[in-house]
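The values are calculated or read from the model by the stated rules, or taken from the named source; none is laboratory data. Everything quoted here is computed from the prediction, not taken from an experiment. Heads up, the Cβs are rebuilt from the backbone with ideal geometry, glycines too, and the neighbour counts pull from every protein chain shown.
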Amino acid sequence: MAPSKAKKKPTNPQKSTSKAPRQPASPTPSSMSRKRSSTVNQLPRLSKRTRAPTAKALESQQPQPPAPLCQPPTPPAQFEPEPTPLLKFQSIWRVVLGKETLPVTEAGVYEEGAITIRQLEAWRDEKLLFLKPRRLTAVRWCTNASYSGCKSTEECPYIIASDLDLYKATQVLSLWREQYPKKTLRLDLSFYVEEEAPVIDLTIP
């Protein structure tokens, strides 16, 4: 027997050949949970431990004050003043009898405070002993303060009786040193004496 042929379904001529547009499927709960999990994974993970900011970080975050328009000048470095050098002067000591200067003189360079009244008295006794057998008696000490090129009217004579008188004379030299720093200062000392007349024996033997 011959196989039977499959029957063909009759085609409907009124049915259109164009397909209708497909509507999007409504989201299911499973698909929504997947989208949420993917968005959560894309967010940056926050660290579980939060550290306290350090002091340097806090200082850097604070706003800095604006710089002043005109800053005050820095004060200059303070230097210690140099000590004033000691006063130095030339001095000649002599023994004077009337208008005659006896041959006992001494010259030297001295500093302020180096000459005292005791030193002058010791020098006086030494020279009077040297000038014996002449009979000399002490009268007074005098000093004359001056400087090189000084006029006779500008000299300052003093009578020396104590250390205070010597101090006054050296103070005049200190003033002249400030006024004439290149001048040579002098403080000459004169010891005035008197000579007793020799005793003449008029007795007749």
All-but-one check, Pro133 against (1) surrounded by 12 or more Cβ atoms within 10 Å (Cβ to Cβ); (2) out of contact with any Ser or Thr (no Cβ under 7 Å at 6 or more places or on another chain), failing number (1)
Tally the residues that are among the hydrophobic types (A, V, I, L, M, F, W, C) and either at pLDDT 95 or above or surrounded by 14 or more Cβ atoms within 10 Å (Cβ to Cβ) (or both), restricting the search to the stretch 189-205.
-> 3
Looking at (1) touching a residue at least 24 places away in the same chain (Cβ under 8 Å); (2) within 41 Å of the chain's Cα centre (by Cα), can you tell me which one Ala114 breaks?
-> (1)
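Every residue, every condition in (1) under 54 Å from the mean Cα position of the chain (by Cα); (2) small (Gly, Ala, Ser); (3) loosely packed, with under 15 Cβ neighbours inside 10 Å, yes or no:
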| residue | (1), (2), (3) |
| --- | --- |
| Leu86 | yes, no, yes |
| Glu100 | no, no, yes |
| Val109 | yes, no, yes |
| Arg118 | yes, no, yes |
| Leu128 | no, no, no |
Unique residue being in contact with a strand residue (DSSP E or B) (Cβ under 6 Å, 6 or more places away or on another chain) and at pLDDT below 90 when the list is Leu102, Leu128, Leu86 | Leu86
